[in-house]
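The values are calculated or read from the model by the stated rules, or taken from the named source; none is laboratory data. Model, not experiment: these values are computed from the prediction. Glycine gets a Cβ as well: all are built from the backbone with ideal geometry, and neighbour counts include every protein chain shown. These accessible areas exclude ligands, DNA and RNA; they are computed on the full protein's heavy atoms, side chains included. Shrake-Rupley method; radii C 1.70, N 1.55, O 1.52, S 1.80 Å.
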Amino acid sequence: LEVAVGSATQQASGSCNDGSCPINADIPDGGTGMQLLQQEARVFTRSASGPHRSEDASVAPRVRSPAAPLLASLAEADLHKRTTTTTLRTTTTPMTLVYNDLTYNASGDLPAFLSGLLTNCLMIVGCIIAFMVLRVHYPLKYSFQVLQGLAPSKPDVMSHFSWIKASLNIDLDQHHIEHIGLDRSLLLEFSRFGMRVCMVIGVPLVFITCPLHYFCGGHVAGADRLSYFSIGNVQNGSWLYYVEAMITWATVITVCRMMILAQRRFISLRWSWMRTMAPLRANTVLVEGIPEEFQSDEELKKFFETMFPGDKIKSTHCVKDTSALSVLLHKISEAEAKLHEVKILNEKDPAHPQTFRSGCFGAAIDAEEHYSRIVEELRPQADTLRKTIVEASSKPGLEGYNCTTGFVTFHQRSDAELATRLTNISSDMTEWRIDHPPEPSDILWVDLMQDPTAEEGRKWTGYLLIVGLYFAYMPLVIGITNVAKVVDLGPLQPLWASIAPTLGLTIMVDFLPTFIIAIFKMFFTLKAEAWAQLRLQEMYFWFQIVFVVLATAVGQNTRDFTKSLATDPFSIFETLGNSMPYATHFYMNYIVMQWSTHCMNLLRYVNLAKFKMFCAFYSEEEAAVKSEPEDQDYYGMGSRHARWTTNLVIALVFGTICPWMYLLTLINFAVCRLVYGYLIPFAETRKPDLGGPFWVTALRHTHHGLMIYVILMIGVLWIRGPNIVPSVVVIPALAYVFFSLKYFDEHLAWEKLPFHEMMTKEGKALDAATTKRELSAEYVQTELLQPSEVASS
């Protein structure tokens, strides 16, 4: 730009009218320097400033220049003097753009992308080879479910390739659901759903729109060869934007239809899953908000017997405040574990028995005696406190250690289902809230002991911390990315150049679930680990939408983006249309990086390290149990669903702009299907099953992603189209997605088994003929049971 201004100054003074100005050499048609200034000024305000709104003063570092105001002024002053017209050619990548330290499409991206693609493919091959070797050497870590007889099939654990067939044979049928669980089966089904979406939409786009972009777009991508087949190669005002409008409608209708069909199939699976539910869980309800006068086992049972007369109530349990008892039992458990480790070490080296120091300057004492004394002192205290709680529990309220939550078990499932449909039991809507319970082994009893008054204060504190994390997230991403980009690896720089731009985002995406779940567990009442994963899925997805999918629009200043969106909601069309088309290369690299991430998960290196560590103190079988499960913050159902849904949303949002995105995401879901098709059924331990809410939430999130896609396309077509017609044609698609989601919520109910099916003779006969799952645990706090009773259950 500075060269252009200098050239224009020379022309204005008549010093380079002979065409000797250096800038004239770049003008194919021999235009003057001032005409080029006019082009550059217009490109600056509409195209080169791509990630910015035209009124935004914060221009990217490589675009912002001291000559920019003069450039615009000179061009504007000379508009009336023009006697010839010069065709304006715009491109999504007129120069290397860096907006708020996030790299945008540039001419040198193709070598970096190919280098990253090759590197990730080599990492995939390396991880798979390493996995096949480790699987044979450590079957307890990589074939645990097979050895326990809990897997849906029995692949040869000593064969290097048997896992591939076993993984591909996993299907969404009753046999596999019984062994894996409905939630985890649906996670694998979502990978297949993502593959179908990418194939149905992506393959036609590659064969139809890619040639159109290349041959009919106007070749405005210039030296940016990676954009030749994307919308970045289409000049403003092209007739191709009418085609893009039709493609937008086709994408919206196809994906919405596919989600409705997938949900209908899920509902039938959900009904089958509910019919096979263990009788204890099916016949039990969770009761919250119990008034103080009914806070005991006896009073709770009397209250429900008045609503359900006759012998319909089997048992009741009002949650007891066992916080003090839990602390004692935890200390005993830790001391017993340490005692076990000390005994093993003493057996290995009798000449040097283990010692314990109470502090830096404390005297060394025999460790075995120390931990034995702790167990001997604390166990009688725990037994006494347990007896006190049980004896006092007949008194209602806190005097009897009773809390505001409890469980009621009926003899018949129909009565339990009827109880969950009861409303207005009391004039106070916070009382007598009845719902289906989680599995007994998954309950967070500490959450059920919380005081409802204090619970509200903790909840709002948690929300404030979530908001703080929201505003601190992008500065952390930018900081990590800046550090990565200043690193020079010499000969490996092309490889590093493909990784560095997404490194900050990848790291924060990996650690974000840990931050969120820590806030949830500290300040929110979650009731069960699986329900915590469901809450994590909701929050984690929206963080990824803002800071991954919309990262280019949000930029570094999250506060300004949020303020702009709140004060002028309709600016979202221009914001997305002016920023996101310039970042397709970034997301292509991001999706490719996910391939190797999945294959690294195949190695289960964290669980393997824990297994090797525990083998020093326990048998291999005990060490295998203690090294499970994998980290549920990142590898849990909520995190996996949120990340997979985000990947599908990225394909939908950027697929029309860059059709290659669909093929890259198709490969991503194919890798997911292969990797997790083995890990989930054959290696990882089974987790508590909620029966489908993760799947439903993922489809709802996909609807939300479609809305973002439509908003983006409206903005792109409005800014780039030949007129307003293409954008106006697409606007109703936003309403189509909204009503599709409304239909999804209102006409495809799934949470509860239809009551009339349980009350009819046919429904009762079908329910009686269905084989039920087994459930050994009870809806009673384990702290209140004697050690022998806990072991037997």
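Numbers below:
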| quantity | calculated |
| --- | --- |
| Residue identified as touching a helix residue (DSSP H, G or I) at 6+ places or on another chain (Cβ under 7 Å), open to solvent by less than 10 Å² (accessible area, probe 1.4 Å) and either aromatic (Phe, Trp, Tyr) or farther than 28 Å from Phe266 by Cβ (or both) among Pro722, Pro726 | Pro726 |
| Residue count, the stretch 293-309 (criterion: under 14 Å from Thr405 (Cα atoms), in a loop (DSSP other than H, G, I, E, B) and touching a helix residue (DSSP H, G or I) at 6+ places or on another chain (Cβ under 7 Å)) | 1 |
| Boolean, Thr575 is in contact with a Cys (Cβ under 8 Å, 6 or more places away or on another chain), crowded, with 24+ Cβ neighbours inside 10 Å and either assigned to a helix (DSSP H, G or I) or not β-branched (Val, Ile, Thr) (or both) | no |
| Subset of the stretch 697-718 [open to solvent by 10 Å² or more (accessible area, probe 1.4 Å), of a type outside the set (Lys, Arg) and more than 18 Å from Pro569 (Cβ to Cβ)] | Thr697 |
| Checklist (1) open to solvent by 10 Å² or more (accessible area, probe 1.4 Å); (2) in contact (Cβ under 8 Å) with a residue 24 or more places away in the chain applied to Phe694, failing item | (1) |
| Condition check for Leu240: farther than 25 Å from Ser727 by Cβ, in contact (Cβ under 8 Å) with a residue 12 or more places away in the chain and buried (at least 16 other Cβ atoms within 10 Å of the Cβ) | no |
| Count of the stretch 339-367 residues which are without any contact (Cβ under 8 Å) to a residue 60 or more places away in the chain and open to solvent by 60 Å² or more (accessible area, probe 1.4 Å) | 16 |
| Residue identified as within 27 Å of Arg433 (Cβ to Cβ), touching a residue at least 24 places away in the same chain (Cβ under 8 Å) and touching a helix residue (DSSP H, G or I) at 6+ places or on another chain (Cβ under 8 Å) among Lys331, Lys312 | Lys312 |
| Among the candidates Ile389, Ile313, Ile332, residue that is at pLDDT 90 or above, under 43 Å from the mean Cα position of the chain (by Cα), under 30 Å from Asp689 (Cα atoms) and among the aliphatic types (A, V, I, L, M) | Ile313 |
| Residue within the stretch 562-572 that is of a type outside the set (A, V, I, L, M) and buried (at least 18 other Cβ atoms within 10 Å of the Cβ) present | no |
| Residues of the stretch 245-292 that turn out to be open to solvent by 50 Å² or more (accessible area, probe 1.4 Å) and either in contact with a helix residue (DSSP H, G or I) (Cβ under 7 Å, 6 or more places away or on another chain) or farther than 18 Å from Val319 by Cβ (or both), as a count | 10 |
| Residue in the stretch 633-646 that is over 15 Å from Leu186 (Cβ atoms), open to solvent by less than 10 Å² (accessible area, probe 1.4 Å), under 23 Å from the mean Cα position of the chain (by Cα) and hydroxyl-bearing (Ser, Thr, Tyr) present | yes |
| Hits in the stretch 154-169 (condition: free of Cβ contacts under 8 Å to residues at least 60 places away in the same chain and either in contact with a helix residue (DSSP H, G or I) (Cβ under 6 Å, 6 or more places away or on another chain) or open to solvent by 50 Å² or more (accessible area, probe 1.4 Å) (or both)) | Lys154, Asp156, Val157, Met158, His160, Phe161, Lys165, Asn169 |
| Residue in the stretch 462-477 that is closer than 18 Å to Arg643 by Cβ, open to solvent by less than 10 Å² (accessible area, probe 1.4 Å), hydrophobic (A, V, I, L, M, F, W, C) and in contact (Cβ under 8 Å) with a residue 12 or more places away in the chain present | yes |
| Any pair with Cβ under 6 angstrom, 6 or more apart, that starts in the stretch 514-534 at a residue that is under 12 Å from Asp442 (Cα atoms) and ends at one that is among the β-branched types (Val, Ile, Thr) | Ala528/Ile443 |
| Residue that is least open to solvent (accessible area, probe 1.4 Å) [pool: residues in the stretch 421-446 that are charged (D, E, K, R) and farther than 15 Å from Ile290 by Cα] | Asp442 |
| Test: residue in the stretch 663-684 that is modelled with pLDDT under 95 and open to solvent by 10 Å² or more (accessible area, probe 1.4 Å) | no |
| Condition broken by Val780, with the remaining ones in (1) aliphatic (A, V, I, L, M); (2) in contact with a strand residue (DSSP E or B) (Cβ under 8 Å, 6 or more places away or on another chain); (3) not in a loop (DSSP other than H, G, I, E, B) satisfied | (3) |
| Residue in the stretch 693-713 that is in a loop (DSSP other than H, G, I, E, B) and polar (S, T, N, Q) present | no |
| Failed condition for Ile657, given (1) assigned to a helix (DSSP H, G or I); (2) of a type in the set (Val, Ile, Thr); (3) open to solvent by less than 10 Å² (accessible area, probe 1.4 Å) | (1) |
| Some residue of the stretch 519-529 being of a type in the set (A, V, I, L, M, F, W, C), out of contact with any His (no Cβ under 9 Å at 6 or more places or on another chain), in a helix (DSSP H, G or I) and surrounded by fewer than 16 Cβ atoms within 10 Å (Cβ to Cβ) | yes |
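Listed here are the residues, each with its yes/no results for (1) open to solvent by 20 Å² or more (accessible area, probe 1.4 Å); (2) not small (Gly, Ala, Ser).
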residue	(1), (2)
Leu489	yes, yes
Ala497	yes, no
Gln533	no, yes
Phe541	no, yes
